[in-house]
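In what follows, a structure is listed as structure tokens, so that the remarks can point back to it.
The values are calculated or read from the model by the stated rules, or taken from the named source; none is laboratory data. Everything quoted here is computed from the prediction, not taken from an experiment. Note that each Cβ is placed from the backbone with ideal geometry, even for glycine, and that neighbours are counted across all protein chains shown. Surface areas here come from the heavy atoms of the whole protein model, side chains and all, with no ligands, DNA or RNA. Shrake-Rupley method; radii C 1.70, N 1.55, O 1.52, S 1.80 Å.
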Amino acid sequence: MLFKRKLYDKLLQWRQECNGTKSLFIEGARRIGKSTVAEEFARSEYRSYLLIDFNDASEVVKDAFQNYLQDLDTFFMILSTEYGTTLYPGESLIIFDEIQQYPKARQSIKKLVKDGRYHYIETGSLVSIKENVQNITIPSEERKIKMYPMDFEEFCWALGEEAMVQYIRTCFDNKTPLAEKLHSKAMLLFRQYLVVGGMPQSLVAYLENNRSFQKSDEEKRDILALYRDDIMKIGSRYQSRVLSIFDQIPAFLSQHEKRVILSDVEEGATFSKFNDTFFWLDNSMIANECFNCTDPNVGLSLNEDRTYLKCYMGDTGLLVSHAFTEAEIETEGLYKQLILGRLSVNEGMIFENAVMQALVSNGYKPFFYTHYNREKHRNDIEIDFIISNKSKTRYKIYPIEVKSTEKYSTTSLERFIEKFENRIGQAYVIHTKNLRVAEKIIYIPAYMTMCL
């Protein structure tokens, strides 16, 4: 089952702009569909293609990279013969799949692109981890692009709801609420997305089994087991720390502040000691990190506090399966409660994770903000996310609060607006209700996060 992915248009753009002068590196977490979209693109847009999966490439193929890169006529003859595919200059694509498994192939890109006969796409994960780049020269003839799990819009496309997402976008652009019945339908779609998530295998299992959340959950647990296996392959120096943080992501997010408390992981732990841990989780794209910004101003990253962070799962559907055991889901009917909006605990972390996921897939690097009131001995301002328009001449920040319940307060956001009014482009509350425009805040339903 093939799904329409937004990345496909970026592949078309790459071919048009580069036309063989650069390879394209698709980077992303395991099992998000990198190989599938690359092969679909190759099949549809080229006369022929080769896909070399370095998880199981033959010794003949590896030997070609070792011994015949100085003789490219022989090199291509070996690949063409091994895969039984005729290659046509300017009309064939060669895909290096899971290239982190064979760094020598990545280094060869410089020579292959210079040769100019064919086009090249690389796919991989963990591409910046030391053991995957040591002893090789990273080619400058490489354009890198990140791929993420399916977003809510892609999920709706898969369910045949193209008209619905277009209607949502139109309402967002016009700042008008959806018709109430359609708002209810859109929220139901969004809650399905929270449960199933954006991993293609989970969605396939869901659709092919009469929308079975159980079958979807089984696929997600297989993916979580795969991620855990990847962690177990890390050098022993920080393997246990990565596993500890990974396993405790749901616990951190279920707390009020949702930030990582290292003392819960290891007694006397410091963030400098966990640098490699958070680098690995971020680089693997299994998790999305969000740092505290101490002074929301020009260049949010210039004022980030890397010792004060929140760690979200890269896919919200995986978070749901990661947070609850199979027994909890079955005996307590958690999926039914979440779909119907009746989950009494942990719904806030699920909504907030989904918003973070949407912002990241839209190209933002979100931050959060807290202000400690010394007189009250507590935080009196807590903003879930801050993004910026990245403009160098008219820089503005956009604070976002996420609310998963019907009744809530916006006191923190109002204080933030008062404190930083001149810096703010627009303030948003993302909630479960319909769109509403107030004097200083726009309230949008959670499914509209994709429009930001």
**Q.** Single residue of 227, 206, 193, 167 found to be open to solvent by 20 Å² or more (accessible area, probe 1.4 Å), among the aromatic types (Phe, Trp, Tyr), under 22 Å from residue 151 (Cβ atoms) and part of a helix (DSSP H, G or I)
**A.** 167
Q: Test each condition in (1) within 26 Å of the chain's Cα centre (by Cα); (2) touching a residue at least 24 places away in the same chain (Cβ under 8 Å); (3) closer than 26 Å to residue 154 by Cα for residue 390 and report the one that comes out false.
A: (2)
Q: Would you check which residues across the range 279-306 are within 16 Å of residue 235 (Cβ to Cβ) and surrounded by 20 or more Cβ atoms within 10 Å (Cβ to Cβ) and list them?
A: 280, 281, 284
Q: Could you grab the pairs with beta carbons closer than 6 Å, sequence gap of 6+ or different chains, first residue in the range 352-381 and over 21 Å from residue 432 (Cβ atoms), second one in a helix (DSSP H, G or I)?
A: 367/300; 381/412; 381/415; 381/416
Q) For the range 28-140, which fully contained helices (runs of 4 or more DSSP H) count at least 3 residues that are of a type in the set (Ser, Thr, Tyr)? A) 34-45, 72-83
Q: Pull up the range 170-184, narrow it to residues that are more than 13 Å from residue 450 (Cβ to Cβ) and surrounded by 14 or more Cβ atoms within 10 Å (Cβ to Cβ), then point me to the one that is nearest to the chain's Cα centre (by Cα).
A: 183
(Q) Can you confirm whether residue 360 is among the hydrophobic types (A, V, I, L, M, F, W, C) and surrounded by 22 or more Cβ atoms within 10 Å (Cβ to Cβ)? (A) no
Q. Mind checking which residues of the range 286-329 are in contact (Cβ under 8 Å) with a residue 12 or more places away in the chain, in a helix (DSSP H, G or I) and not hydrophobic (A, V, I, L, M, F, W, C)?
A. 301, 316, 317, 321, 322, 326
Q) Out of (1) open to solvent by 40 Å² or more (accessible area, probe 1.4 Å); (2) at pLDDT 85 or above; (3) of a type in the set (S, T, N, Q), what's the single condition that is false for residue 321? A) (1)
Q | Answer from 276, 315 - the residue that is under 22 Å from the mean Cα position of the chain (by Cα), closer than 21 Å to residue 219 by Cβ and of a type in the set (D, E, K, R) | A | 315
Q: Kindly check whether there is at least one residue in the range 428-444 that is touching a Pro at 6+ places or on another chain (Cβ under 7 Å) and aromatic (Phe, Trp, Tyr).
A: no
Q: Identify, by number, the condition in (1) among the aliphatic types (A, V, I, L, M); (2) modelled with pLDDT under 95; (3) surrounded by 20 or more Cβ atoms within 10 Å (Cβ to Cβ) that residue 381 doesn't meet.
A: (3)
(Q) Quick check on this structure: which one of 42, 105 is modelled with pLDDT of 95 or more, surrounded by 16 or more Cβ atoms within 10 Å (Cβ to Cβ) and hydrophobic (A, V, I, L, M, F, W, C)? (A) 42
Q: Give the residues of the range 209-223 that are more than 19 Å from the chain's Cα centre (by Cα), farther than 22 Å from residue 160 by Cα and open to solvent by 80 Å² or more (accessible area, probe 1.4 Å), sorted by residue number.
A: none
Q | Every residue from the range 141-164 that is open to solvent by less than 70 Å² (accessible area, probe 1.4 Å) and part of a helix (DSSP H, G or I) | A | 152, 153, 154, 155, 156, 157, 158, 164
Q: May I ask you to list the residues in the range 267-278 that are touching a residue at least 12 places away in the same chain (Cβ under 8 Å) and either touching an Asp or Glu at 6+ places or on another chain (Cβ under 6 Å) or within 14 Å of residue 311 (Cα to Cα) (or both)?
A: 271, 274, 277, 278
Q) Considering the range 231-266 alone, what residues qualify as being of a type in the set (Val, Ile, Thr) and open to solvent by less than 20 Å² (accessible area, probe 1.4 Å)? A) 231, 234, 242, 245, 249, 260
Q: Could you please find all residues in the range 3-27 being farther than 19 Å from residue 315 by Cβ and either part of a loop (DSSP other than H, G, I, E, B) or in contact with a His (Cβ under 6 Å, 6 or more places away or on another chain) (or both)?
A: 19, 20, 21, 22
**Q.** Filter pass, residue 20 being exposed (fewer than 13 other Cβ atoms within 10 Å of the Cβ) and either on the phi > 0 side of the Ramachandran plot or touching a Pro at 6+ places or on another chain (Cβ under 8 Å) (or both)
**A.** no
